[in-house]
Each structure stands twice: as structure tokens, then as C-alpha cells.
Amino acid sequence: MFVGPREVAIHDKVVSTLKQRKTLPAHRLPRGQAAVQVPALPEERELTVAGAPFADYAKTLKQRAGSRWPIALRRLAQMRLDYPAQPLAPAIETAAHYGLYDLDRLERIILRKIATAYFVMPDERNDPEPGDEG
């Protein structure tokens, strides 16, 4: 394997019809030695401190998001800041109950819950006409 003009590794090619990943014994950690632990993100700590529905949802979201879990946790933390807590917690509980860990779907659930309470259109029948003050 080359990085730029320098050769950095030489390995024999493993020919196999199976799509498998092979790790050389020299590249494995010694027995009993754990991999390096990645420190928790600030958003992850914030969601853990926030309480029951947020912490549980964030934990499962991290497991299901694969390698993109930091982006997913940042977006969930931003949702917590953007939306009112009253409809947010029940929406997270509903999403967790049905196994919905797609944040777009969670956001749609939240918006449905707050649509009538926060985005009320004025009733045109009861409003006086502009200039009709009598």
C-alpha cells in the first residue's frame, strides 16, 4: 500500500470468493486489551442529563445510526433546543415505542403535535375588516 510516493505496507493478497474482512494477527490488539474508548460528545452528555425519554432514545439512536451517530445525536440535541418540551417528550416516547429512529420521521411527529397549538391561523370570519372600525 502506498501513501503518496512512499510504500507504507506490504501484505499478501487474500483471494476468496466470500466477501469477508481479514485482519492480520499482527494488527489485532493483545488479548485482554480493550480498544480505545471514544469520549462522549457534549450533545450525548446533554441528552443523558435531560432525562428518561431523551437518554433512552439517544442511546438506541447511537446504536442504530452506525458510523453516523455523532451527526444523529447532534441533530437530536438541536431538536431538543428548537421544539417545546411539552410535545417533544411524548413524540420521542411514541417514536421509541414504534421503533422509529429516523430523525425526519421523529420531526414530522413533533410537528404534527405542535401544528394546532403553535401555528394557529387567524379566523377570518371573526376579524374585523381593516378600516372597518365601527
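Only the coordinates and a few stated rules stand behind these numbers; no lab work does. Owing to the predicted nature of the structure, the values given are computational and were not obtained by experimental measurement. Here the Cβ positions follow ideal geometry from the backbone for every residue, glycine too, while neighbour counts run over all protein chains shown.
Of these, A85, A117, which one is among the small types (G, A, S), more than 18 Å from E44 (Cα to Cα) and surrounded by fewer than 17 Cβ atoms within 10 Å (Cβ to Cβ)?
On the way: A85 fails: more than 18 Å from E44 (Cα to Cα).
After ruling out the rest, the residue left standing is A117.
For A77, indicate whether it is within 13 Å of P53 (Cα to Cα) and of a type in the set (A, V, I, L, M).
Numbers: within 13 Å of P53 (Cα to Cα): yes; of a type in the set (A, V, I, L, M): yes.
It is true that A77 is within 13 Å of P53 (Cα to Cα) and of a type in the set (A, V, I, L, M).
Kindly check whether there is at least one residue in region 22-39 that is surrounded by 10 or more Cβ atoms within 10 Å (Cβ to Cβ) and in a helix (DSSP H, G or I).
no
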